[in-house]
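Read-outs: derived from the displayed coordinates by stated rules, not from any lab. Keep in mind that this is a model prediction, so the values were computed, not measured. All Cβ positions, even for glycine, are placed from backbone atoms using ideal geometry, and neighbour counts span all protein chains on display.
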Ligand code: SAH
């Protein structure tokens, strides 16, 4: 038994079933026992690997794309360079290294990080020591008086979701309850729900949809800043234009697991509903949802890969070629992962994306 399992069993026995969002956020961010609170879950010895940990090229080409957007928008002399959920700080470190020679970019950039995990804040602090980042608990705390250039890779998938099953003309929430000392799912009595009124048209009885209120709130914070002050937001994650079906999943030591088992010891995620993020970011504009492979190709990742390959031989060269394939190939991360750009009315579309 994990300690968080005890915590849930006693809470459910005292108060009744809890929402998946409540379960997910407690598992990930409980102040003592949360999955992200005390550990670095990334890398071969952790539970999962992300694009910036696979290769420096990911952050490098994204950095140059962001610098292009900064120039397209008139090289503002002060701006926020922000990341949501920066993990080990690798993506931000690669963005900043690649843009070092862009005249004026570093002098204008203030680095801001939104991170909930004390353990990962420490890793970010070590990695980004020269850049004096400022940390925040919430997107709402990001400065709102200067342009915002923001990246979020595999961040939105970690935000807590709720699940609803379509009844005849209402929705029955999927809850977490307990039976015989284990956690299991239960269904609440169906009820109408305003937030899902638009899904009555594209679902039938029995279908399952997911909602993510925090994603909505954060996209609204980002969109209002970009619409008002300029900048660009790049949201990179797995998911689709519209959520459909059960995508709640657990990953432990690179294997899928039952999300209700071993709470606090597995990474919990759900697919991102990009439509919900795009519409919440209004009045900022949003780009077409684009596969990660196509996006990185358009940003020149293959030329960068060839340049780096010149200095390599043997196993390092083989690993480098495999990393390029892993980031871009349709059978690997190339189409599963998608990119949504947020940008202000009147500005050019961010590099690598289309209308
Ligand atoms: N972007 C990194 C790490 C992805 S893991 C990479 O690509 O490697 C998810 C990150 O989001 C972790 O840093 C985690 O601690 C952070 N995180 C998860 N939920 C959060 C929340 N609600 N608020 C702030 N940070 C959160």
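Given an 8 Å cut-off on Cα distances and at least 6 residues of separation, report the relative contact order of segment 214-338 as a percent.
Averaging sequence separation for qualifying contacts and normalising by length gives 29 percent for segment 214-338.
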So the angle from the long Cα axis of helix 213-229 to the longest Cα principal axis of the chain, reported in degrees to the nearest 10, equals 30 degrees
In degrees, nearest 10, the alpha-carbon axis of helix 314-328 is tilted away from the dominant principal axis of the alpha carbons of the chain by 60 degrees
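What FRET efficiency would be calculated for the residue pair residue 202, residue 319, taking the C-beta separation as r and a Förster radius of 30 Å, to the nearest 0.05?
Numbers: r = 43 Å, r/R0 = 1.45.
Step by step, r from the Cβ atoms, then E = 0.10.
Regarding segment 125-176, what is the average projected area of its C-alpha convex hull, in nm²?
Spelled out: convex hull of the Cα atoms, projected over all directions, averaged, 7.1 nm².
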Most exposed to least, judged by fewest other Cβ atoms within 10 Å, 198, 216 sort to 198, 216
With bins of 5 Å, the percent of all Cα-Cα pairs of segment 175-316 per bin from 0 is 2, 7, 12, 13, 15, 15, 13, 10, 6, 3, 2, 1, 0
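How high is the relative contact order of the chain, in percent, counting Cα pairs under 8 Å that sit 6 or more residues apart?
20 percent
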Simple SL model, points at 7 angstrom along Cα→Cβ for residue 182 and residue 13; separation in nm is 1.8 nm
Rounded to the nearest Å, the spacing of the alpha-carbon centers of segment 267-330 and segment 3-44 is 31 Å
Least to most buried among 131, 35, by other C-beta atoms within 10 Å and fewest first, runs 131, 35
Ranked from fewest to most other Cβ atoms within 10 Å of their own Cβ, 91, 312 fall in the order 312, 91
For segment 269-355 the mean separation of alpha carbon contacts under 8 Å (6+ apart) over residue count, i.e. relative contact order in percent, is 47 percent
Longest principal axis of the chain (C-alpha) makes with the long axis of helix 20-29 (C-alpha) an angle, in degrees to the nearest 10, of 50 degrees
Placing each pseudo-label 7 Å from Cα in the direction of the beta carbon, residue 144 and residue 240 end up separated by a distance in nanometres of 3.4 nm
If one builds a Gaussian network model of the chain from Cα atoms under 10 Å apart, the most fluctuating residue listed among 252, 97, 11 is 11
